Ligand SMILES: Nc1nc2c(ncn2[C@@H]2O[C@H](COP(=O)(O)OP(=O)(O)OP(=O)(O)O)[C@@H](O)[C@H]2O)c(=O)[nH]1
Ligand SMILES: [Mg+2]
């Protein structure tokens with residue numbers, strides 16, 4: 001009979017806890033080269049020759065006295081939950097700082113193991129750690145590993161079996177200064193060479209974070225990523241749309257041959273299948289390129305540098321510099337960005353970050369935005385036809401970031417008054433991304449995750465849109481009644497009733513906005529023969545779209561209301577419905593005011 005034990009992985013942020021957790025359990029916890037990725041507890045199972053271990057991955061914490069929400073989660077778990085042993089993961093390149101937490105954990109837990117990770121990086125920096133001596137001094141089991149290597153994972157699995165077998169390691173509580181001195185004394189005995197400053201990191205930091213080059217490099221990086229995304233995605237999207245159209249036709253024929261009711265064939269083939277197929281066709285190709293490139297930058301260690309650059313503008317808006325990290329996360333998914341706001345310690349600044357995250361265009365909005373930009377802002381050769389939209393999209397992201405800053409400033413001058421708090425943002429070392437693993441993980445954990453969520457929303461939404469477009473009252477469909485009702489409001493904003501209704505119906509997921517627009521314009525209750533950008537362009541132009549409609553559409557895409565998942569995340573993170581309502585009103589009012597102003601200005605000109 002195998003023994004069953006619960007082992008908790010604790011440690012400073014960015015030391016590789018989640019990487020070890022994934023290796024041991026086969027789970028796909030998100031990892032990345034910056035502090036504070038894990039903000040929730042995860043668990044998984046690791047089975048070895050002699051035991052079955054329930055492994056708990058905690059958010060990183062520098063100390064058990066910390067007060068930020070994700071660090072509190074770690075502390076509360078260690079102090080209040082039932083487990084057999086704690087494995088404190090340490091960073092081999094800065095053992096002294098990590099030992100403080102080891103001592104603090106030993107003050108409250110009778111069974112502690114120490115795993116020194118990142119030994120490969122320590123070795124590269126010329127640091128040697130005498131593991132046996134450390135084990136002797138701490139009087140707890142110690143191993144040294146590099147979580148990326150297979151042999152280390154095996155070693156770590158074996159190490160799990162020592163859990164709970166050593167004697168009680170509880171030590172008396174002491175003040176933090178004494179503990180720091182003890183950590184220093186231990187390191188003096190076991191760390192045989194001091195690290196020499198990493199010249200390569202310094203040079204790179206001079207490029208990525210200096211006042212002269214920080215922002216231009218950031219701009220070029222974003223343009224490059226978006227250019228690659230658009231360049232690679234457009235053709236693939238067109239191909240998938242053609243396949244989707246063909247498959248939809250075939251499905252309809254098969255269903256009709258089965259003598260099923262006409263309404264059922266329409267609902268299934270034209271509603272559910274076509275809308276879902278559309279969402280997959282336009283979302284999958286850009287995500288397949290954008291997410292892996294973004295993850296490579298993240299693993300390389302660039303995100304905290306971007307946050308460092310953004311610190312000054314955010315401070316001017318009396319918001320927290322760490323908000324830049326949550327804004328970057330929002331580019332992937334606003335719901336994830338909102339949850340990630342837990343890394344911000346001050347409740348005031350956290351709420352500002354939560355309320356404004358939705359201004360960053362998420363991946364659900366990217367494909368539609370890209371499509372409109374590609375239709376209205378492209379010309380010339382192939383490279384130009386993707387470079388110009390990439391620059392336009394970058395400008396839109398800068399505009400979204402500027403709106404976030406402006407609204408943050410307004411909030412911190414009115415509802416959420418206060419001075420910016422002091423915070424420390426650690427700049428992690430640059431790490432060579434594990435290209436294969438990063439691509440695999442981002443495709444599996446991000447692309448498929450976001451796509452599945454979009455499909456789950458698109459399928460019922462497709463059915464609903466089909467019903468709205470096909471159920472007729474006095475000769476006009478319910479969708480037409482809705483669009484007519486919102487026509488005056490849409491006109492004020494330089495849009496039309498169809499576009500406004502599409503954004504309203506897109507509340508479950510932003511991805512379905514464009515299919516609704518096309519269905520409503522075609523008045524067929526189906527997306528019809530739409531197999532590429534050219535057809536969409538024709539449909540939009542013949543329904544009165546011009547450059548001004550496109551600009552208003554893009555602005556309203558940035559600032560309307562959060563999707564259902566993001567609104568739920570705001571409610572969860574703030575604990576109040578009133579904040580959730582405000583998170584919907586803020587962007588909606590901002591979008592309405594901006595679009596109306598532009599419309600009035602253009603009419604005057
Ligand atoms: N070179 C090297 N990189 C590693 C090793 N272990 C982890 N990493 C990298 O270190 C970064 C941080 O890893 P995570 O597992 O996310 O760290 P974490 O401790 O869970 O971080 P938080 O959740 O923020 O507390 C990632 O980019 C990993 O790929 C290692 O042994 N060697
Ligand atoms: Mg983690």
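The values are calculated or read from the model by the stated rules, or taken from the named source; none is laboratory data. Remember, predicted model here, so these are calculated numbers, not experimental data. Glycine gets a Cβ as well: all are built from the backbone with ideal geometry, and neighbour counts include every protein chain shown.
For this structure, a couple of remarks:
- Any hit, the range 119-134, residues being crowded, with 20+ Cβ neighbours inside 10 Å, within 16 Å of ligand 2 (Cβ to nearest atom) and assigned to a helix (DSSP H, G or I): no
- The set of residues in the range 538-566 being in contact (Cβ under 8 Å) with a residue 60 or more places away in the chain and either farther than 24 Å from residue 603 by Cα or outside the structural domain of residue 333 (by TED's automatic domain parsing) (or both) consists of 561, 562, 563, 564, 565, 566.
- Test: residue in the range 443-466 that is within 13 Å of ligand 1 (Cβ to nearest atom) and touching a residue at least 24 places away in the same chain (Cβ under 8 Å): yes
- Odd one out for residue 592 among (1) in contact with a helix residue (DSSP H, G or I) (Cβ under 7 Å, 6 or more places away or on another chain); (2) more than 29 Å from residue 472 (Cα to Cα): (1)
- Candidates 259, 311, 238, 270 - the one that is at positive phi and more than 17 Å from the chain's Cα centre (by Cα): 259
- Among the conditions (1) farther than 29 Å from residue 440 by Cβ; (2) surrounded by 21 or more Cβ atoms within 10 Å (Cβ to Cβ); (3) more than 15 Å from ligand 2 (Cβ to nearest atom); (4) touching a residue at least 60 places away in the same chain (Cβ under 8 Å), the only one that residue 111 does not satisfy is (4).
- Any hit, the range 147-161, residues being under 19 Å from residue 48 (Cα atoms), in a loop (DSSP other than H, G, I, E, B) and more than 16 Å from ligand 1 (Cβ to nearest atom): yes
- Checking residue 67 against (1) within 13 Å of ligand 1 (Cβ to nearest atom); (2) more than 22 Å from residue 5 (Cα to Cα); (3) touching a residue at least 60 places away in the same chain (Cβ under 8 Å); (4) out of contact with any helix residue (DSSP H, G or I) (no Cβ under 7 Å at 6 or more places or on another chain), the condition it does not meet: (1)
- None of 83, 103 is part of a loop (DSSP other than H, G, I, E, B), in contact (Cβ under 8 Å) with a residue 60 or more places away in the chain and more than 16 Å from ligand 2 (Cβ to nearest atom) except 83.
- Condition check for residue 291 on (1) under 25 Å from residue 594 (Cβ atoms); (2) modelled with pLDDT under 90: one failure, at (1).
- Consider the range 16-44 and keep the residues that are in contact with a strand residue (DSSP E or B) (Cβ under 7 Å, 6 or more places away or on another chain), part of a helix (DSSP H, G or I) and free of Cβ contacts under 8 Å to residues at least 40 places away in the same chain. The one that is nearest to ligand 2 (Cβ to nearest atom) is 18.
- Within the range 6-38, tally of residues that are away from ligand 1 (no atom under 12 Å from the Cβ) and closer than 22 Å to residue 104 by Cα: 3
- Residue tally, condition without any contact (Cβ under 8 Å) to a residue 24 or more places away in the chain and closer than 9 Å to residue 532 by Cα, over the range 236-246: 1
- Output for the range 138-181, where each listed residue is over 39 Å from the mean Cα position of the chain (by Cα) and more than 21 Å from residue 63 (Cβ to Cβ): 139, 165, 166, 167, 168
- Meets criteria (under 21 Å from residue 169 (Cβ atoms), part of a loop (DSSP other than H, G, I, E, B), within 16 Å of ligand 2 (Cβ to nearest atom) and touching a strand residue (DSSP E or B) at 6+ places or on another chain (Cβ under 9 Å)) for residue 8: no
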